[in-house]
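The values are calculated or read from the model by the stated rules, or taken from the named source; none is laboratory data. Predicted model, so just to flag it, every value in this text is computed and none were measured. Neighbour counts are summed over all protein chains in view; Cβ atoms, including those assigned to glycine, are modelled from backbone coordinates with ideal geometry.
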Amino acid sequence: MDINSSNMRTVLIRPRRARKEWLVMRLPAFFVQRTSKRSTAMEEEKEFSLSETAQKEMLCLARKALEIAVAENEKSPFTPIHRLISAAKDNLLKNYNPPDEKLKERWGIFVTLETVKSPQEEELRGCIGTFEPREPLYELAISYAIHSGFGDPRFERLNAKELPKIKIKISVLSPLRRVKSPEEVIVGKHGIEIVRGFNSGCFLPEVATEYKMSREEFLSTCCSHKAGLPPDAWKDPKTEIYVFETFKFEEK
């Protein structure tokens, strides 16, 4: 099983514990920002879902935000990202009232941009997100669409010529929750983060599904390939294991 192949979907690595941004390798890769404490195993695991109306609204806000940011950046190249975000919010959120109360909630999110090459082929164009947001979902859709289009260091800034070929995908993330036992990890449902000292690594839920991993393989591979730990480090009581879930939707 070659988990480092070019078909790998998403995995996270954190170079240093103190950093607030994590570099995510493979497809779709993204930066993840952290600002607050992780939840504990004693907290209830909240289930999340979004109505079709809310999904369409977030995708619409993300699309309009990119259009505004592209126009602003073409008028003044290399406009700082925070100014692009401010311009989009000023334009889109004046007297704004979310059509669904869920959009006022704060959940982790990442926005993935992909260039549609053909009906069967899409290519990563940018992806940035956060596990611990400071804004409600409707604002995050705007902020992270622009971060993904203009702040991913692997790509040039998005331009008007590219925009019509861009597909937007959004994943909403549940809070990280520490588990007491590795047996609590449910393959196919949970993404995992493994932390030991200054080492950490993370897999999204679909990694285990796509590569047909058992729970043990999922944990061991995350330790060895992403956290820089021995494969069996997850068995050590000193190793912290966190789980999370994702709710994904995209433009049609």
Inset, instruction - Within region 203-218, track down each residue that is at pLDDT 95 or above and either touching a strand residue (DSSP E or B) at 6+ places or on another chain (Cβ under 7 Å) or among the β-branched types (Val, Ile, Thr) (or both). - result: PHE218
Inset, instruction - Please tell me if LYS37 is of a type in the set (Lys, Arg) and modelled with pLDDT of 95 or more. - result: no
Legend entry - Options VAL116, VAL111, VAL70; residue that is within 21 Å of GLU245 (Cβ to Cβ) and touching a residue at least 12 places away in the same chain (Cβ under 8 Å): VAL111
Legend entry - Filtered residues of region 207-252 (kept if aliphatic (A, V, I, L, M) and within 15 Å of HIS190 (Cβ to Cβ)): VAL207, ALA208, MET213, LEU219, ILE241, VAL243
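Name the single residue that is farthest from the chain's Cα centre (by Cα) among those in region 160-179 being within 19 Å of PRO237 (Cα to Cα) and modelled with pLDDT under 95. Spell out how you get there, then give the answer.
Looking only at region 160-179, we keep the residues that are within 19 Å of PRO237 (Cα to Cα), and these are 176-179.
Checking the rest, the ones that are also modelled with pLDDT under 95 come to 176-177.
Working: LEU176: 13, ARG177: 16 Å.
Only one residue fits best here, namely ARG177.
Among the hydroxyl-bearing types (Ser, Thr, Tyr) and either assigned to a helix (DSSP H, G or I) or in the same structural domain as ALA62 (by TED's automatic domain parsing) (or both) - does that describe any residue in region 211-220? If you could, list the steps in order and put the result at the bottom.
Applying the first criterion (among the hydroxyl-bearing types (Ser, Thr, Tyr)) to region 211-220 yields 211, 214, 220.
Still in the list and also either assigned to a helix (DSSP H, G or I) or in the same structural domain as ALA62 (by TED's automatic domain parsing) (or both): 220.
Scanning region 211-220, I find at least one residue that is among the hydroxyl-bearing types (Ser, Thr, Tyr) and either assigned to a helix (DSSP H, G or I) or in the same structural domain as ALA62 (by TED's automatic domain parsing) (or both), so the answer is yes.
Yes/no matrix, rows are residues, columns are (1) of a type outside the set (Gly, Ala, Ser); (2) closer than 30 Å to LYS64 by Cα; (3) surrounded by 23 or more Cβ atoms within 10 Å (Cβ to Cβ):
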{"residue": "ALA145", "(1), (2), (3)": "no, yes, yes"}
{"residue": "LYS165", "(1), (2), (3)": "yes, yes, no"}
{"residue": "LYS169", "(1), (2), (3)": "yes, yes, no"}
{"residue": "VAL172", "(1), (2), (3)": "yes, yes, yes"}
{"residue": "ILE186", "(1), (2), (3)": "yes, no, no"}
{"residue": "VAL195", "(1), (2), (3)": "yes, no, no"}
{"residue": "PHE218", "(1), (2), (3)": "yes, no, yes"}
{"residue": "GLY228", "(1), (2), (3)": "no, no, no"}
Legend entry - Looking only at region 71-88, and only at residues there that are touching a helix residue (DSSP H, G or I) at 6+ places or on another chain (Cβ under 6 Å) and not in a loop (DSSP other than H, G, I, E, B), the one that is surrounded by the most Cβ atoms within 10 Å (Cβ to Cβ): LEU84
